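**Q** Take this structure, written in structure tokens, and hold onto it; I'll ask about it next.
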Amino acid sequence: MQRRIATEAAVRRHARRLFLKQGYADTSVRQIAAAARVSAGTVVSVGTKDQLFVTCMEEVATEAALSALAAEQDPRAALRAFVVATPGLTAEGTELSRDYLRALIAIGSDPGNEERLGRVLALITSRWAELLGLPDEHSRVVLCAGNFYMSLIGCVYAVAAGQLRADDAVVLLHGMIDGATAENAVNAPSGCDQ
């Protein structure tokens, strides 16, 4: 059992390294197998190329989000850093995001992503609460954090589809953050209007 766990970890680690270095299209199951020193059949028993890629990208995005959101003391700076760290909005992450979205549509999310996403959303909500000076559970905080996250996801999709430039998406999302104040959040009909 321990050997199987070690083998799976090696396959995932090498798949991640290759995907991030070479991209999805230029990485094959055989290359992953060679790097992990296992057979191609062993790689496929751990996951298909799409499954390994989706898991890799969800882990990378989660790590980038948690790191960016926790790195800054100031909540506005932390949220801005999160935007800039989002893989789908970086120059090197745009192509990977296109491939991720294609694979995600084909196979669905990694089962472990729900827990990872929950941690990210909790931290986003906490940072919005700090920014607005309201408790995490306040309805306006939940609304602002939700609107922000869904806007971010929409921007990632639009950038991946070639409908929006990444730098324009960053400006848009930073505008949401910079325009947020406790007064706006409490008094605006939709919660986060500027």
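The values are calculated or read from the model by the stated rules, or taken from the named source; none is laboratory data. Just so we're clear, the structure is a prediction, and the values are computed from it rather than from any experiment. For neighbour counting, all protein chains shown are included, and Cβ atoms are generated from backbone atoms with ideal geometry for every residue, glycine included. Accessible surface is based on the protein model in full, side chains and every heavy atom, while ligands, DNA and RNA are left aside. Shrake-Rupley method; radii C 1.70, N 1.55, O 1.52, S 1.80 Å.
**Q** Return the total of residues in the range 1-30 being more than 16 Å from LEU96 (Cβ to Cβ), of a type outside the set (Gly, Ala, Ser) and open to solvent by less than 70 Å² (accessible area, probe 1.4 Å).
**A** Looking only at that region, the number is 5.
**Q** Kindly establish whether ALA40 is at pLDDT 95 or above, surrounded by fewer than 16 Cβ atoms within 10 Å (Cβ to Cβ) and closer than 30 Å to ARG3 by Cβ.
**A** For ALA40, the condition - at pLDDT 95 or above, surrounded by fewer than 16 Cβ atoms within 10 Å (Cβ to Cβ) and closer than 30 Å to ARG3 by Cβ - is met.
**Q** On the given criteria, is VAL171 surrounded by fewer than 17 Cβ atoms within 10 Å (Cβ to Cβ), among the aliphatic types (A, V, I, L, M) and either modelled with pLDDT of 95 or more or over 17 Å from the mean Cα position of the chain (by Cα) (or both)?
**A** In short, yes.
**Q** Can you tell me which residues in the range 55-110 are open to solvent by 30 Å² or more (accessible area, probe 1.4 Å), polar (S, T, N, Q) and touching a residue at least 24 places away in the same chain (Cβ under 8 Å)?
**A** SER109
**Q** Among the residues of the range 43-52, count how many are open to solvent by 40 Å² or more (accessible area, probe 1.4 Å) and closer than 20 Å to GLU63 by Cβ.
**A** Adding up the residues that qualify gives 1.
**Q** Checking the structure you have, find out if any residue of the range 86-94 is touching a Leu at 6+ places or on another chain (Cβ under 7 Å) and within 24 Å of VAL159 (Cα to Cα).
**A** Yes, because at least one residue in the range 86-94 is touching a Leu at 6+ places or on another chain (Cβ under 7 Å) and within 24 Å of VAL159 (Cα to Cα).
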